[in-house]
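Step one of this worksheet: look at the structure below.
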Amino acid sequence: MSTLLIKFKVLLDSDFSDNHGALFHRWLPNGEEDAILLDTGDSNTTLKVWFERWGIVDKGHIKYDGSLKQVDSEIMTQQAILEGGPLRGLLEIRNLRDEDLALFAERSDKNDEYYSLVKKVIKKLIYLPLSNFIKILRTNYGQYWLKELEKWDSREESLPTYCDSKLHIEISLDNGKSWGSFFPSIIDLSLKLSWNIIQAKTYAKYLTRDDWQSIQKLITEKYVPTYAAEILMRAYQLYDQGNLKHAIVEGVTAFEVAISEFIKNRLNKYGLKNDFLNSFLNLPLSTQIVAIAAVLDNVLPEELEQTLKIIKIRNDIVHEGMNPPKETKTLRGFFNTAAKLLTGPELRFLYSNIKGNTKMTPAEWEKIYQ
């Protein structure tokens, strides 16, 4: 029996955002020291992921630089927004069978059994837990600009290409002394919002040290974002990118799914049958929302008012082909109301392009939080 180490790097930069990876607030994970353990479902494996402190100090601010690690820890605790860069990870497979060890040692691209083994590692042990981790960051922690991890599709690219271009994988059979590719013999040729616009407290919604630790708890509890949460964050993405019309249509759809989930959860809580669900969902959507808002204690009157207006605008868009009125500039009350129906961690509606930044002493930041 032996151990296989697989290290990888996932580039999360999107095509529409200038950010490098996840955005943090006053803290960056310190590499593997602050790694989060992901659940592979296999007791013989350990999978952990982390961000590193890439950057330099430029004019008193930390600026992301993927080639240098010169992050000043004192400035880090003062700066509002910090870029995480690529997501890195390490998979350790223990108690490797002798026959599998021989396949990894040979690493022959002509061996079908080896291909099958690599597929299993990629699909089950890496892709599934890693994609869910990214989904949690995108959905519940508002970092929707992060690029989702693509699932390998043999119709579009070869397995060696996927391992190299999507995961940048390297493996080691000697406890990290030397590293190499899964398929070393193959050369695959297919191969900004400023401080004046946003309130200081909003910066604290970006990933913090406490959030990083909370994510570990979510992973341990096998949390998966709900369908309603995913749709709602996708609607907010459209809104943040300026696509107001489609954001409203998608947002109301998310509201409908969220209400269905909300009612099902309540019925299950009291041991009631779902027969009541259809009766409630046959009511007009505005009536459903008003009824639920009357039960909840955290829906603000102005948010409810905006929500009802947005539903009417959505109906005009879908049924009359109209565009949103020019005065419809913000949907934040609408998104906040929908988010309050969801289970799981609170959704965060963040700005993807932050072209400005700021820096304060830790004491000044604490005063802002209060």
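Miscellaneous remarks
- Segment 246-296 - percent of accessible surface contributed by carbon and sulfur, probe 1.4 Å: 57 percent
- Pairs beyond 30 Å (Cα-Cα), from K326/K359; K151/K269; K59/K135; K119/K340; K123/K147: K326/K359; K151/K269; K59/K135; K119/K340
- For segment 62-139, dividing the convex hull volume of the Cα atoms by the residue count gives 162 Å³ per residue.
- Considering every alpha-carbon pair of the chain, the percent of pairs per 20 Å bin, from zero through the bin containing the longest distance, is 25, 50, 24, 1.
- Sulfur and carbon atoms: percent of accessible area, segment 17-107 [1.4 Å]: 41 percent
- Relative contact order [Cα under 8 Å, 6+ residues apart], segment 199-301, whole percent: 17 percent
- Protein-only accessible surface order, largest first, of M322, M76, M360 at 1.4 Å: M322, M360, M76
- Whole-number accessible area per residue in Å² for the chain, which is evaluated in the context of all protein chains at 1.4 Å: 51 Å²
The values are calculated or read from the model by the stated rules, or taken from the named source; none is laboratory data. All values reported here derive from a predicted model rather than from experimental measurement. To get the accessible areas, we keep the full protein, side chains included, count just its heavy atoms, and leave off ligands, DNA and RNA. Shrake-Rupley method; radii C 1.70, N 1.55, O 1.52, S 1.80 Å.
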